[in-house]
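The values are calculated or read from the model by the stated rules, or taken from the named source; none is laboratory data. The shown structure was predicted, so the numbers you read here are calculated from the model rather than taken from an experiment. Quick reminder, even Gly has a Cβ in these numbers, built from the backbone with ideal geometry, and neighbours come from all protein chains shown.
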Amino acid sequence: MDQPQPPQEPVTDNERAAAESAVVVSRWAIHRHLYDWVLSFAHHKHSTTALGVLSFAESSFFPIPPDVLLGPLCLGHRRKAMWFALICTIASVAGGVVGYAIGHYAWEALSGVMYQYVPGFTEEKFELVERWYDQWGIWVLFAAAFTPIPFKVFTIAGGVFAQPLLPFVMVSFVGRGMRFFLVAGIFWWIGPKAVPFIDKYFNWLCVVFVLLLIGGFFVLRLMH
């Protein structure tokens, strides 16, 4: 005869959620871990410092954009939304200058490490960025600064290809500022309703804006 099985304890909601999250994390691997780690700073007492460090690092080597932390901070402290955007902008431009210095002074020594360990860096992408710089000059940096294109690839490439430093800084400041103040402004204006809106449409809005900008350049060329 079959022996009666001991009754099993019911699975709690917390245990079920933990099991589900474990599956999700395994699929996203390191990027999901980084994403969750960055997001955890939104309710930390040093969240503003973390925002500045993240913005600085993302411009030269870190794969997670500061928007991930900027949005929740603006929702939690709506009166400081523009201050958070300013921190993002200044720190990101400073990080971009460091990326420029890496490309200008240390690329031969560090290129192998960057290609191997930094997400978003490949020889193919770097050659493509070189062609874009040759064709568009410093203006291609604006597209990278404002859109979800990996900014760090363009900051380091700007140093490698000896782009003029002052225009590099000015274009970075304008592009990064427009992006971060747009994100902060939307979160401040719409409030919690901005979360699904940003997640669904922000990247497309950035792409449309850049396409309109490039179209404007073509119109100016035709006029001259």
Segment 45-57 residues that are over 26 Å from F154 (Cβ atoms), paired with ones that are outside any loop (DSSP other than H, G, I, E, B) and not aliphatic (A, V, I, L, M) (beta carbon under 7 Å, 6 or more apart): S47/F41
Given the criterion in contact (Cβ under 8 Å) with a residue 24 or more places away in the chain and at positive phi, identify the matching residue among G137, G185. G137
In the set A106, A94, which member is buried (at least 16 other Cβ atoms within 10 Å of the Cβ), among the aliphatic types (A, V, I, L, M) and assigned to a helix (DSSP H, G or I)? A94
Could you tell me whether F62 is at pLDDT below 90, aromatic (F, W, Y) and closer than 25 Å to W188 by Cβ? no
When you go through C74, C88 one by one, which is the residue that is modelled with pLDDT of 90 or more and in a helix (DSSP H, G or I)? C88
Of the residues in segment 109-127, those that are touching a residue at least 40 places away in the same chain (Cβ under 8 Å) and in a helix (DSSP H, G or I) come to M114
